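These notes are about the structure you will find just below.
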Amino acid sequence: MSQPDRYVVIGNPIAHSKSPDIHARFAAQTGEHLQYERLLVPLDGFADALGNLMKSGCRGANVTVPFKLEAFELSSQRSERAEAAGAVNTLRFDGTDIHGDNTDGVGLVNDILCNTPVRIKGARVLLLGAGGAARGVILPLLAQEPAALCIANRTVAKAEELAERFQQWNAGKSRLEACGFEQVAPDFDIIINATSASLSAELPPVPAAVFREGVFAYDMMYGKEPTVFMRHAASHGATARDGLGMLIEQAAEAFFVWRGVRPDTGPVHNALRAAL
Ligand code: ATR
């Protein structure tokens, strides 16, 4: 049998990455002949690592913290969703070309659309945070044509900048606006936590009334236990979901970019959930 096609996930740190497990499961399920490994790269060694990977015949890479911006800069071609995100998490090597893509936002949207009964079209969506994670999901969210997309952030100016930047992709179909956490009105259907507050067990200080029955609250973070954001939302009657599905769906989209095949994410989600 021929050598398997090689892919890697690049980051620093990288030991915790679940991507090799996810892609090994996708490959086994679809019969795609590939090998997928973690690659720890020094903080100043990303460009060299890419060069070496391309020379060695590697077919593509996922990119994680802290290299997503460098991956964006080094890409010779970029998808529209990568341009909008200003970051790249998926690279496809094609001769001397480096195709940069970003599958994070589609991962979030697909997790909501395919794995929950929630519909984004026509919904009022509140996005908490205005950093890299938030920016990466705005274009795919707008593509679903929500009635409103409000970006709320601790540093309000960053939320305002994002709202202004994304007007060019909005086509007037959604009310796109920005505010501070304290000013958030209690009339949203979907609340997405894209802040890193959960990492320090903190909550974005939005009014408690924002969470109520009928609200769907999504935290991009995940862990063995529900995050503090999920517990807070659920205690006020909202339905809460963590970001494990987003992780798996963004990987499935990367797998599709590389192989042209869509894996079945359900069994992979169940296996990873059980192993948390
Ligand atoms: P990431 O790539 O995870 O998005 P980032 O670009 O550093 O990381 O952005 C972190 C986001 O979480 C920002 O929106 C940040 O708010 P500021 O822009 O005001 O810094 C937000 N954030 C981090 N810690 C927070 C906390 N304890 N409460 C509320 N928001 C927080």
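The values are calculated or read from the model by the stated rules, or taken from the named source; none is laboratory data. Because the structure is predicted, anything quoted here is derived from the model rather than measured. All Cβ positions, glycine included, derive from the backbone under ideal geometry; neighbour counts span all protein chains shown. Side chains are part of the model used for accessible areas, which takes the heavy atoms of the whole protein and leaves out ligands, DNA and RNA. Shrake-Rupley method; radii C 1.70, N 1.55, O 1.52, S 1.80 Å.
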Exercise. May I ask you to list pairs of residues, at least six apart or on different chains, whose Cβ atoms are under 6 Å apart, with the first in segment 157-177 being not assigned by the TED database to the domain that holds GLU80 and the second being of a type in the set (Val, Ile, Thr)?
Key: ALA159/ILE151; LEU162/ILE151; ALA163/ILE151; PHE166/ILE138
Quiz item: Given the conditions (1) within 15 Å of the ligand (Cβ to nearest atom); (2) within 22 Å of PHE216 (Cα to Cα); (3) not hydroxyl-bearing (Ser, Thr, Tyr), and given that ALA157 satisfies all but one, which numbered condition is not satisfied?
Solution: (2)
Quiz item: Looking at (1) outside any loop (DSSP other than H, G, I, E, B); (2) of a type in the set (Gly, Ala, Ser); (3) more than 30 Å from PHE166 (Cα to Cα), which is the only condition ALA61 fails?
Solution: (3)
Exercise. Pick out, from segment 67-138, the strands (runs of 3 or more DSSP E) lying fully within it that include 2 or more residues that are within 18 Å of ALA252 (Cα to Cα).
Key: 90-94, 97-101
Quiz prompt | Where a residue in segment 1-29 is free of Cβ contacts under 8 Å to residues at least 24 places away in the same chain and its partner, wherever it lies, is in a strand (DSSP E or B) and of a type in the set (Lys, Arg), with Cβ under 8 Å and at least six apart | solution = PRO20/ARG38
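Which count do you get for residues in segment 167-186 that are part of a strand (DSSP E or B) and either open to solvent by 60 Å² or more (accessible area, probe 1.4 Å) or near the ligand (Cβ under 9 Å from one of its atoms) (or both)?
Result for segment 167-186: 2.
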Quiz item: Within segment 104-154, restricting attention to residues that are touching a helix residue (DSSP H, G or I) at 6+ places or on another chain (Cβ under 7 Å) and polar (S, T, N, Q), which residue is farthest from the ligand (Cβ to nearest atom)?
Solution: ASN115
Exercise. Hey, could you check segment 187-227 for residues that are closer than 21 Å to GLY132 by Cβ and either touching a His at 6+ places or on another chain (Cβ under 8 Å) or β-branched (Val, Ile, Thr) (or both) and say which is farthest from the ligand (Cβ to nearest atom)?
Key: ILE190
